[in-house]
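Asker: Before we start, here is the structure in question, set down as structure tokens.
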Amino acid sequence: MANLLVKAFFALFLISAATAAGDSPFIIAHKKASLTRLKSGAERVSVSIDIYNQGFSTAYDVSLVDHSWPQDAFDVISGNISKSWEKLDAGGVLSHSFELEAKRQGMFYGAPAVVTFRIPTKSAPQEAYSTSILPLDILAEIAPEKKFDLRLLAKYGSQISVISIVALFVYLMVTPSKSSGASKKKR
């Protein structure tokens with residue numbers, strides 16, 4: 001009887017905890033950045049931030065701010081580093097992207113973006129942070145590609161394949177077969 005009572009109390013506790021946590025929005029923000037080298041030698045950073053509401057209620061007055069890009073190192077080419085939306089419904093997704101141009105060379109470690117939102121049941125605004133980006137090697141020296149390997153393969157590929165086939169054939173003819181000895185029974 002006591003065991004049944006403990007199990008019922010535990011189940012009631014889990015249900016009440018899930019219900020209490022399920023009444024509010026649960027914001028997840030994912031930040032991605034990629035580098036693009038232009039022919040002029042400049043490098044652009046494309047930043048994309050996706051905001052997900054995994055909770056069971058709507059988040060209001062959603063705003064995104066990404067101040068991790070210093071003005072002395074980057075110029076905003078397109079888009080804006082901040083954005084606001086009226087609301088984010090439960091299960092909804094918001095996306096924002098912008099493009100920057102790098103001014104100087106070196107490794108860059110970006111901080112997470114900040115997402116601020118309001119819940120109707122609380123007066124204070126809530127904050128969520130995006131994921132961090134991997135370090136970016138801005139304007140890095142790129143080693144020249146080895147194009148001679150492809151030219152050698154194109155020039156001597158057929159001869160190499162014929163020699164390989166002949167060598168494999170000779171190897172198979174010279175090596176003794178192990179299957180013939182295994183089929184005979186010793187008496």
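Asker: Report whether or not Ser78 is more than 17 Å from Val115 (Cβ to Cβ), loosely packed, with under 15 Cβ neighbours inside 10 Å and of a type in the set (Gly, Ala, Ser). So that I can check it myself, show each step before the final result.
Answerer: On the way: more than 17 Å from Val115 (Cβ to Cβ): yes; loosely packed, with under 15 Cβ neighbours inside 10 Å: yes; of a type in the set (Gly, Ala, Ser): yes.
Answer is yes for this residue.
Asker: Restricting the search to the range 39-70, which residues are open to solvent by 60 Å² or more (accessible area, probe 1.4 Å) and either in contact with a Ser or Thr (Cβ under 6 Å, 6 or more places away or on another chain) or more than 26 Å from Pro125 (Cβ to Cβ) (or both)? Lay out the reasoning, then the answer.
Answerer: If we filter the range 39-70 for residues that are open to solvent by 60 Å² or more (accessible area, probe 1.4 Å), which is where we start, we get 39-40, 44, 52, 54, 56, 60-61, 67.
Lys39, Ser40, Arg44, listed by residue number.
Asker: Is it true that some residue in the range 121-130 is open to solvent by 100 Å² or more (accessible area, probe 1.4 Å), outside any loop (DSSP other than H, G, I, E, B) and in contact (Cβ under 8 Å) with a residue 40 or more places away in the chain? Write out each step before concluding.
Answerer: Within the range 121-130, the subset open to solvent by 100 Å² or more (accessible area, probe 1.4 Å) is 121-123, 127, 129.
Then keep just the ones that are outside any loop (DSSP other than H, G, I, E, B); that gives 127, 129.
Now narrow it down to the ones that are in contact (Cβ under 8 Å) with a residue 40 or more places away in the chain: 129.
There is at least one residue in the range 121-130 that is open to solvent by 100 Å² or more (accessible area, probe 1.4 Å), outside any loop (DSSP other than H, G, I, E, B) and in contact (Cβ under 8 Å) with a residue 40 or more places away in the chain.
The values are calculated or read from the model by the stated rules, or taken from the named source; none is laboratory data. All values derive from a computational prediction rather than experimental measurement. Reconstructed Cβ throughout: ideal geometry from the backbone, glycine too, with neighbour counts over all protein chains shown. Quick note on the areas: whole protein, heavy atoms, side chains included, nothing else; ligands and nucleic acids left out. Shrake-Rupley method; radii C 1.70, N 1.55, O 1.52, S 1.80 Å.
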